[in-house]
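K.L.:
The structure that follows is given in the form of structure tokens.
Just so it is clear, none of the values below were taken in a lab; they were calculated from the coordinates. Treat the numbers as computed from the prediction; the structure is a model and nothing was measured. A quick note on method: Cβ atoms are made from the backbone with ideal geometry, for glycine too, and the neighbour counts reach across all protein chains shown.
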């Protein structure tokens with residue numbers, strides 16, 4: 001919390017951590033000191049399930065360019081997914 | 001150190017009464033023997049109550065200090081240090097008033113030991129440096145303070161929160177012990193400009209301080225476990241300054 005840049009989003013899905021799959025209830029999105037990637041600050045994604053203990057967590061640390069590229073790729077895939085879901089069933 | 005002289009220490013996790021009488025975990029490392037020994041309270045950094053801080057606590061004990069490192073995140077929960085720190089990061093920190101009360105509990109505990117020489121210092125890096133400065137200004141019984149690259153001593157009004165309602169620099173008039181500050185020129189929190197602002201406040205209030213700004217160093221230059229951050233020359237020089245400073249002010 002050295003940068004105070006930290007937000008969360010409620011999500012629904014699953015993540016696979018060291019102890020297997022678990023239901024994800026939220027994602028913390030922050031820009032702050034990382035634990036592993038060799039940067040002073042990183043874009044951090046923490047997929048968590050608040051009700052399942054602090055160990056229910058899958059974390060990713062990215063540099064800003066990588067995070068932006070990921071965000072754009074996610075939006076691009078979602079556009080394709082929306083089109084796929086909207087197409088009439090054959 | 002003399003190769004034919006005895007030295008030993010005890011180091012373990014215990015509990016200490018902190019804010020609101022809460023029993024929080026603390027790692028305590030103490031030299032063996034009757035002393036008397038000066039005391040030091042270590043405030044861990046944002047990444048958590050972790051192996052680096054346990055090692056630092058033992059290092060202080062090896063240098064002849066009764067040392068305690070409280071788990072400032074204890075109330076948030078338990079897991080790996082990263083598990084807990086991620087949760088604290090998501091909640092944007094812990095309350096300053098709680099940190100100061102936890103610090104007071106630790107100072108009082110160490111000074112109550114029969115091996116205490118009656119003097120206590122505070123030490124911290126990163127958010128711990130900010131916490132050490134807060135404790136030096138607001139807790140009772142602090143005889144020396146060490147702030148290593150503590151970001152957030154200088155804060156803009158827009159960054160104040162319910163957990164951090166007052167910028168620590170605004171407490172400077174209440175600082176009544178000498179302060180050692182070590183910083184990196186390439187750090188973004190605190191920036192050299194923020195350190196200069198802090199220094200100006202210390203001068204204005206006539207406080208005793210010793211600041212060093214290391215060229216080529218950023219945030220975390222003592223952390224030998226993070227090669228990207230570690231700056232060997234600055235770290236070796238910095239540790240020498242720490243021991244010299246504490247030796248002069250705590251009698252260690």
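K.L.:
Of the residues B:142, B:88, B:122, which exhibits the maximal mean-square fluctuation in a Gaussian network model of chain B defined by a 10 Å Cα contact cut-off?
P.N.:
B:88
K.L.:
What is the mean number of Cβ atoms from other protein chains located within 10 Å of the Cβ atom of each residue in peptide A:28-36, rounded to a whole number?
P.N.:
For this peptide, the per-residue mean of nearby foreign Cβ atoms is 5.
K.L.:
Moving to a separate point now. Defining a contact as two alpha carbons under 8 Å apart and six or more residues distant in sequence, what relative contact order in percent does chain B show?
P.N.:
RCO, chain B: 16 percent.
K.L.:
At a threshold of 8 angstrom on Cα-Cα distance, excluding pairs fewer than six apart, so keeping six or more, what relative contact order does chain A reach in percent?
P.N.:
Once normalised by length, the contact order is 20 percent.
K.L.:
Connecting C-alpha atoms closer than 10 Å in a GNM of chain B, tell me which of B:34, B:190, B:70 has the biggest fluctuation.
P.N.:
B:34
K.L.:
Using only the C-alpha atoms of the protein assembly as shown, find the volume of their convex hull and express it per residue in Å³.
P.N.:
That works out to 156 Å³ per residue.
K.L.:
Between residue B:230 and residue A:64, how high is the FRET efficiency from 1/(1 + (r/R0)^6) when r is the Cβ-Cβ distance and R₀ = 22 Å? Nearest 0.05.
P.N.:
0.45
K.L.:
If you count, for every residue in B:80-91, the Cβ atoms of partner chains within 10 Å of its Cβ, what is the mean?
P.N.:
Neighbouring Cβ atoms belonging to other protein chains average 6 per residue here.
K.L.:
Further question: What value in Å³ per residue do you get for the convex hull of the alpha-carbon atoms in the range B:174-252?
P.N.:
In the range B:174-252, the Cα convex hull volume per residue is 97 Å³.
K.L.:
Another question about this same structure. Please check: in the Gaussian network model of chain B (C-alpha springs, under 10 Å), which one of B:31, B:168, B:192 has the largest mean-square fluctuation.
P.N.:
B:192
K.L.:
According to the Kirkwood expression over distinct Cα-Cα pairs, how big is the hydrodynamic radius of chain A, in Å?
P.N.:
Value: 14.8 Å, from the Cα pair sum.
K.L.:
At a 10 Å Cβ-Cβ cut-off, how would you order B:149, B:239, B:52, fewest neighbours first?
P.N.:
Fewest-to-most ranking of B:149, B:239, B:52: B:239, B:52, B:149.
K.L.:
Average partner chain C-beta neighbours within 10 Å, per residue of B:44-50?
P.N.:
Per-residue shielding by partner chains comes out at 2.
K.L.:
Okay, moving on. R0 = 25 Å: FRET efficiency of residue B:112 with residue B:12, Cβ-based, nearest 0.05?
P.N.:
E between residue B:112 and residue B:12, to the nearest 0.05, is 0.90.
K.L.:
Here is a follow-up. Let's test the formula: R0 of 41 Å, r as the Cβ-Cβ distance of residue A:52 and residue A:89. What FRET efficiency results, to the nearest 0.05?
P.N.:
Given R0 = 41 Å and the Cβ-Cβ separation, E is 0.70.
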